[in-house]
1. Looking at (1) surrounded by fewer than 19 Cβ atoms within 10 Å (Cβ to Cβ); (2) at pLDDT 95 or above; (3) among the β-branched types (V, I, T), which one does T244 not meet, given that it meets all the others?
2. Here is a check on your reading of the model: is F87 modelled with pLDDT under 80, among the aromatic types (F, W, Y) and either at negative phi or in contact with a helix residue (DSSP H, G or I) (Cβ under 6 Å, 6 or more places away or on another chain) (or both)?
3. Looking at I117 and the list (1) at pLDDT below 80; (2) out of contact with any helix residue (DSSP H, G or I) (no Cβ under 9 Å at 6 or more places or on another chain), which single condition is not satisfied?
4. Where in segment 126-172 are the strands (runs of 3 or more DSSP E), entirely inside, with at least 2 residues that are hydroxyl-bearing (S, T, Y)?
5. Residue under question is I28, and the condition is that it be more than 21 Å from E140 (Cβ to Cβ), in a helix (DSSP H, G or I) and modelled with pLDDT of 80 or more; does it hold?
6. Among the residues of segment 167-187, which ones are under 21 Å from N108 (Cβ atoms) and surrounded by fewer than 16 Cβ atoms within 10 Å (Cβ to Cβ)?
7. Checking W238 against (1) loosely packed, with under 13 Cβ neighbours inside 10 Å; (2) in contact (Cβ under 8 Å) with a residue 24 or more places away in the chain; (3) assigned to a loop (DSSP other than H, G, I, E, B), only one condition comes out false. Which one?
Amino acid sequence: MEKAEEWLNYGVELAKEFGPKVLTALLIFIVGLWVIKRIIGGTKKVMYNSKYDESLQRFLLSLVSWILKIFLILLVIGQLGINITTFAAVIAAAGLAVGLALQGSLSNFAGGVLIMIFKPYKIGDLIEAQGVLGSVKEIEIFTTKLITPQNKLAIVPNGAMANGNIINYTAEGKMRVDTTIGIGYGEDIKKAKKVLLEVLEANPQVLKDPAPSVNVSELADSSVNFAVRPFCAPEDYWSVYFATLENCKLALDKAGIEIPYPHQVEIHKKE
């Protein structure tokens, strides 16, 4: 019984000594998160009104948020009575090991900074990098998120993005759609070329400048192949691609121009 009372008294003494510190630290943490949220919200409005690049906005807001949260954690630790100087010394002593363990993350962070500086792409651009084709959804501190044509989310490390090859299909505002259409050797090449060109010119999604082109690209084994190349806006690529194939086939059929295909010849044996 006496021992239980001793433990109870000891608990009361601890509560008196550390309770106010813990409550104050908790209050600082809650208020701090609220203040950080307000700061990020205000900064976001300032950036929006100043017409900052959307990619840069998200990157800087994410970076500022992390810095403020780290500062808040240090403030809470200090309020709990832990010596921040000692705590910092421990962090510094472990810095080398942590740095080695996080080499990839540091490389990705540096890559994110380089992407923000040189801007090889921005949010909304259609790019191809690291074997992935997709539209840029977000550029974060460590990674870039892409939405593929199959509507899949691809997350690519910024370190790899900054150090690898990047094809930006949106940067110039125009894309060339490459298709190949073949006709039979016995058909009129000039007539077929005119029909194909009219198909391209009739499509409102095909750009006038640069003008679409139709040229003989190959004399194949069973066909004369045309390189049919319209230009369009990047977001119209697939619709123009599919429309070109379908409409060219329909137009050639209407003009009586044969598109070669393998023929099967039946051989009848005499009994």
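1. All conditions pass for T244, except number (1).
2. Values: modelled with pLDDT under 80: yes; among the aromatic types (F, W, Y): yes; either at negative phi or in contact with a helix residue (DSSP H, G or I) (Cβ under 6 Å, 6 or more places away or on another chain) (or both): yes.
Yes, satisfied.
3. Tallying (1) at pLDDT below 80; (2) out of contact with any helix residue (DSSP H, G or I) (no Cβ under 9 Å at 6 or more places or on another chain), I117 fails exactly one: (1).
4. Details: elements: 126-129, 132-139, 143-147, 153-157, 166-168.
Output list reads 143-147.
5. Values: more than 21 Å from E140 (Cβ to Cβ): yes; in a helix (DSSP H, G or I): yes; modelled with pLDDT of 80 or more: yes.
Here the answer is yes, as I28 does meet what is asked.
6. The initial filter retains those residues of segment 167-187 that are under 21 Å from N108 (Cβ atoms), namely 167-168.
Result: I167, single match.
7. Evaluating W238 over (1) loosely packed, with under 13 Cβ neighbours inside 10 Å; (2) in contact (Cβ under 8 Å) with a residue 24 or more places away in the chain; (3) assigned to a loop (DSSP other than H, G, I, E, B) leaves (3) as the failure.
The values are calculated or read from the model by the stated rules, or taken from the named source; none is laboratory data. Values in this document were obtained by computation on a predicted structure and should not be read as measured data. No Cβ is skipped: glycine too gets one built from the backbone with ideal geometry, and neighbour counts run over all protein chains shown.
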